[in-house]
Structures are given as structure tokens and as C-alpha cells.
Amino acid sequence: MINDGATSMQQLFDRAVALHERGLATEAEHLCLQVLEARKGHFGALHLLGVIRHQQGRYDEALAALSAALKTQSKSASARCNRGLVFMALGRHKEALADFDRAIAADPALVEALSSRGHALVCLERHEEAIASFDKALALRPTHFDAHYNRGIVLHMLNRHAEAVDSYQRALALRPDHADAHWNDSLARLALGDFTEGWKKFEWRWQTSDRKRPGLKFPMPLWVGDQSIDGKSILLYSEQGLGDTIQFARYVPMVTERGAKAVLAVHSELKQLLSSITAAVFGENELLPAVDLQCPLLSLPRAFHTTIETIPTNIPYIAPDDAAVAQWARRLPQTALPRVGLVWSGGPTHENDRRRSLTLAQIAPLLANQNIFFYSLNPGIGESDVAALGKYANVLHVGSQFRDFSDTAAVVSLIDLVVTVDTAVAHLAGAMGRPVWIMLAYSPDWRWAIDRDRSSWYPTARLFRQTATGDWASVIARVQRELSALFGAM
């Protein structure tokens, strides 16, 4: 005997599945809700509802639907995997890993769960395990794009850039127009010193999924070094961080040497500082003059065909403001001790800040050297850190008094050495030709290359690298020894 109600409900659910496959998520959700009105515990409808809401970014609702589905069928590998993906979206990586593990236990050949498990392990800093999980997924399905791509990311994080390039290339063989894969491939190549291919692929940054990165927003033609600019006016502009702007501002004089009038648009904090390079400097939200051409600052290395051997090192290319120097010379206390500037943390909104920044407690061993007078150059530290610094007789916090980078540059010009993590101050000191020691994470930004203690971009910089992920203690110990050797033991 045919159960007409059950048949009708199954047909309704089948229609929901078909609508979802056609990209009609709202209509599919509506039908799922109709099914659930008739049968609250319908596994298929709950599962599909969870998938739809996940895709729509309604993560809490997706979690509720998939959890309800798993109460009905706790051994469903696909539902378990999909709930793991929702946990990932919510940043609940341990719970995601548990779901992926249970999905794999139920279906060891579920490639999506193996690949997603690798992603969860990356987020939990369990990198070697992540690679093993990606490898298992690829053994089952060699054409799995996400496994190749995410494997490249974790290899990059492990400083294994050549292997990362190989993984990115395998991913791109499957999806040749994937902007994020090209972008990450460019960063790995630049770290390896492959500037020819690296700068070319660096242009993919405009098409990545990172919506925080602006596109080419100006209407005038883009200059990439392929035409004469003699007699032309060209807009050169910031597009990423303060440090990037300082680093690539070295190209501005090279543009003017080709006969062009350079107009520079930068962060407002850098406007006065960079007026030492060119007079036509504009801050954010200021009205720009009409120009003939445009070029983002970070595209200038490509325009000038920069290689490791031809990096412009006409240092210094940034000079402090004389009036600011005179003012700070009066404000800083007189001391016969060597003077060292310290920066131990960057802006918390930076995507890699948790890897590049230290805490005051971590750098405290440096402050114990009474043969050195330290200046805290950190502009935005909390009240507790300011109070803690006040307990040191040989430390003065000045960073909170900086109006812009002209003040920072003035102080840097008056001290003997800057010791800093990878922040804009590292670039500032290097661009000014001042001695600077840069403390780097195990897998630092591409510009610091790999396996070297000197910078190709800043001749006066020394690089102090972690020897293992998160190992700041050994970096601090090396800096401490070098400070004692340079300025005297504690």
C-alpha cells in the first residue's frame, strides 16, 4: 500500500535538493521548512537546511540545523563533516576537528573531511599533522584543489617555500584563474628570491578574495614600465600597510629620474615624513590633482624589473624633519648611556600580528641591562604596559607622544639603535640608514627572505629569526647577548 503523505513529502524534499543544485537557495530553504513542518526530525531537510544556511553565512542557524540532523542520524559522515565546516566558520577549530575525525571514522574515504581536517589542524598550529591529512586526501583524489592549495599555505608557514610553490602550481593546474593561489604563489617566490615571476604574479592581489585589499580605483591608465613617462604626471599611491609604503617609496626618485612628475598619495601619518622625497604628497581623503598615469607603489618593482641584484639601495632615502629633530633633542633626557629604541608589538588589526608581535613580559630581559637607556617607541600600548615601563629607571615611553611618523623619525635619528619586531618602524629605521635589529617570526613576511641575517632591502638592518615556530625566547636571548657585546654587559 502506497503512503501518499510520505511520497508527497519525499517529492517535496527532492524538489528542494534540485532547487539547491540550481543555486536557488531561498526556494530550497522554503521547501525544507515545509518538509520539517510535516516531520520535525526529517534528516535530509535538516541537513540541507544546515548546508544552505552555512553557505549564506548564517552560521548559528546552520549549526542548530546540522546538530538537529545529527541527533537523528549520528553516524552520518557528510552531516558531521558539514557541521565541522560550520565550526570552522565560527572559529571553533577544536570542535571542528572532532567532527572531521568522527566523519572520517564513519567514512575513511571522505576526501572533503580529510582536507577540511587538515585546514582545522593548520588553525590549531599542528602543521605537520595538517600536511599528513592533506596528503591522505590527495592520495584518494589527486585532483582535490583545496587540499593542494591549503597544503601550500601550511608549507609556506613552515618556511618550506619551494615545496609550497609546488603545491600552488598543482592547485593552479586544476584552477588556472584562482587569484588567491596565484597571490600566495607570488609571496613564496618572492621569499625565495624569484623576483621575475614573483612580481608578475604579485599583480593577482587585485583579484583575491580578501575584500580589505582595494582594487585599482583610479581611472587613469596604469603604468607598468612599458612606456616613456618623460613629461608625464603619474600618481603613485599606498595600497597596503605603512611599512609597505615606506619600503617602496624608494622608487619615487627613480620615477622622477625618468622625467615624470610624481604625485604621491599615502597614509596621513606618513605625509609629512615623505615630503622629504617629493613635494607633491597628499594624505588620505585629500583632493588629488589631475594626472596622466597611475601606479600603485607595490607595482613599481615590477615596472623597474627589480631583481635581488638590482634592489634600489640608495640609503638613506628618507630624512627626518629638522624642526622635529631639534624639538625632540630638547625633550629627550640627557644620558651618557647608549640609547636604544624598542618596538615589540604592531597593530592588532594586522592579519599576521599574533605571529609577529611580542608582549612586554617577553622583552623584559632586555630591559634589565642597566648599561642601556631604552626608549619605548610603541605608539599604542595599553595602560598596564605604560605603568610597567614606569618602574624601570632606564626606560622612557615616548611612543604615545608621536603625532605622526615625522616624530618617530626624529627620535630614531637621535638614538644609537632600534630593536623592533616586523613593523613600520623597522622600515623607517632602514630607510633612514639607521642601525636596526629586526626580530622575525619563524616564517616572516616575504621581504625578509629566508636563512639570512642581513636584509637585501636595508643594508643597516640585522635580522634575528626564530628557529622554531613561536620561539621568541631564543630570539630575545640572542638580542640580549648582542646588546651586551655591543654596549657592555649588565
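Can you find a residue in the range 245-261 that is buried (at least 20 other Cβ atoms within 10 Å of the Cβ), touching a His at 6+ places or on another chain (Cβ under 8 Å) and at pLDDT below 95? No, the range 245-261 contains no residue that is buried (at least 20 other Cβ atoms within 10 Å of the Cβ), touching a His at 6+ places or on another chain (Cβ under 8 Å) and at pLDDT below 95. Is it the case, given these coordinates, that Ser384 is touching an Asp or Glu at 6+ places or on another chain (Cβ under 9 Å) and hydroxyl-bearing (Ser, Thr, Tyr)? Answer is no for this residue. The set of residues from the range 414-433 being of a type in the set (A, V, I, L, M) and either without any contact (Cβ under 8 Å) to a residue 12 or more places away in the chain or more than 19 Å from Asn314 (Cβ to Cβ) (or both) comprises Leu414, Ile415, Leu417, Val418, Val419, Val421, Ala424, Val425.
Given Pro289, Pro320, Pro312, Pro333, which one is touching a helix residue (DSSP H, G or I) at 6+ places or on another chain (Cβ under 7 Å), surrounded by fewer than 20 Cβ atoms within 10 Å (Cβ to Cβ) and not polar (S, T, N, Q)? Matching residue, one of Pro289, Pro320, Pro312, Pro333: Pro312.
Pairs meeting the criteria (first residue in the range 434-449 and at positive phi, second residue buried (at least 23 other Cβ atoms within 10 Å of the Cβ), beta carbons under 7 Å, at least 6 apart or on different chains) are Ala449/Ala191. Checking Val51, Val86 one by one, the residue that is assigned by TED's automatic domain parsing to the domain that holds Val17, in contact with a His (Cβ under 8 Å, 6 or more places away or on another chain) and within 19 Å of Ala18 (Cβ to Cβ) is Val51 and no other. Here the condition is being over 21 Å from Tyr442 (Cα atoms) and either outside any helix (DSSP H, G or I) or assigned by TED's automatic domain parsing to the domain that holds Ala181 (or both); of Ala164, Ala130, Ala103, it holds for Ala103 alone. Among the residues of the range 352-389, those that are in a helix (DSSP H, G or I) and surrounded by 17 or more Cβ atoms within 10 Å (Cβ to Cβ) comprise Arg355, Arg356, Leu360, Ile363, Leu366, Leu367, Asp385, Ala388, Leu389. Just a yes or no: is a residue in the range 168-185 under 14 Å from Ala449 (Cα atoms) and over 18 Å from the mean Cα position of the chain (by Cα)? Checked against the condition, which is being under 14 Å from Ala449 (Cα atoms) and over 18 Å from the mean Cα position of the chain (by Cα), the range 168-185 yields no hits at all. If you take the residues of the range 423-452 that are out of contact with any helix residue (DSSP H, G or I) (no Cβ under 7 Å at 6 or more places or on another chain) and part of a loop (DSSP other than H, G, I, E, B), which of them is nearest to Gly241 (Cα to Cα)? Step by step, filter the range 423-452, then rank; the result is Asp445.
Can you find a residue that is in contact with a His (Cβ under 9 Å, 6 or more places away or on another chain), touching a residue at least 40 places away in the same chain (Cβ under 8 Å), under 28 Å from Gly430 (Cβ atoms) and surrounded by fewer than 19 Cβ atoms within 10 Å (Cβ to Cβ) anywhere in the range 216-231? Scanning the range 216-231 turns up at least one residue that is in contact with a His (Cβ under 9 Å, 6 or more places away or on another chain), touching a residue at least 40 places away in the same chain (Cβ under 8 Å), under 28 Å from Gly430 (Cβ atoms) and surrounded by fewer than 19 Cβ atoms within 10 Å (Cβ to Cβ). Please enumerate the residues belonging to the range 390-405 that are in a helix (DSSP H, G or I) and aromatic (Phe, Trp, Tyr). Result: Phe405, single match.
Conditions tested, residue by residue: (1) in the same structural domain as Glu197 (by TED's automatic domain parsing); (2) under 28 Å from His156 (Cβ atoms); (3) small (Gly, Ala, Ser); (4) in contact with a strand residue (DSSP E or B) (Cβ under 9 Å, 6 or more places away or on another chain).
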position: Val412; (1), (2), (3), (4): no, no, no, yes
position: Arg434; (1), (2), (3), (4): no, no, no, yes
position: Met439; (1), (2), (3), (4): no, yes, no, yes
position: Asp445; (1), (2), (3), (4): no, yes, no, no
position: Phe464; (1), (2), (3), (4): no, yes, no, yes
position: Gly470; (1), (2), (3), (4): no, yes, yes, no
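Just one of the listed residues (Thr408, Thr420) is at pLDDT 95 or above, part of a helix (DSSP H, G or I) and surrounded by 20 or more Cβ atoms within 10 Å (Cβ to Cβ), and it is Thr408.
Every listed requirement among (1) among the basic types (Lys, Arg); (2) touching a helix residue (DSSP H, G or I) at 6+ places or on another chain (Cβ under 9 Å); (3) outside the structural domain of Leu300 (by TED's automatic domain parsing) is met by Lys217 save one, (2). Taking (1) modelled with pLDDT under 95; (2) within 25 Å of the chain's Cα centre (by Cα) in turn, Leu342 satisfies each apart from (1). At least 1 residues being surrounded by 15 or more Cβ atoms within 10 Å (Cβ to Cβ), of a type in the set (Phe, Trp, Tyr) and at pLDDT 85 or above is the threshold, and among the helices (runs of 4 or more DSSP H) wholly inside the range 3-84 those reaching it are 43-55, 59-72. Selection within the range 106-134: residues that are surrounded by fewer than 24 Cβ atoms within 10 Å (Cβ to Cβ) and among the charged types (D, E, K, R). The member of this set that is nearest to the chain's Cα centre (by Cα) is Glu125. Residues in the range 447-459 that are more than 26 Å from Gly152 (Cβ to Cβ) and crowded, with 19+ Cβ neighbours inside 10 Å: 1 in all.
The values are calculated or read from the model by the stated rules, or taken from the named source; none is laboratory data. This is a predicted model, so every value here is computed, not measured. In this analysis, Cβ positions are derived from the backbone assuming ideal geometry, glycine residues included, and neighbour counts consider all displayed protein chains.
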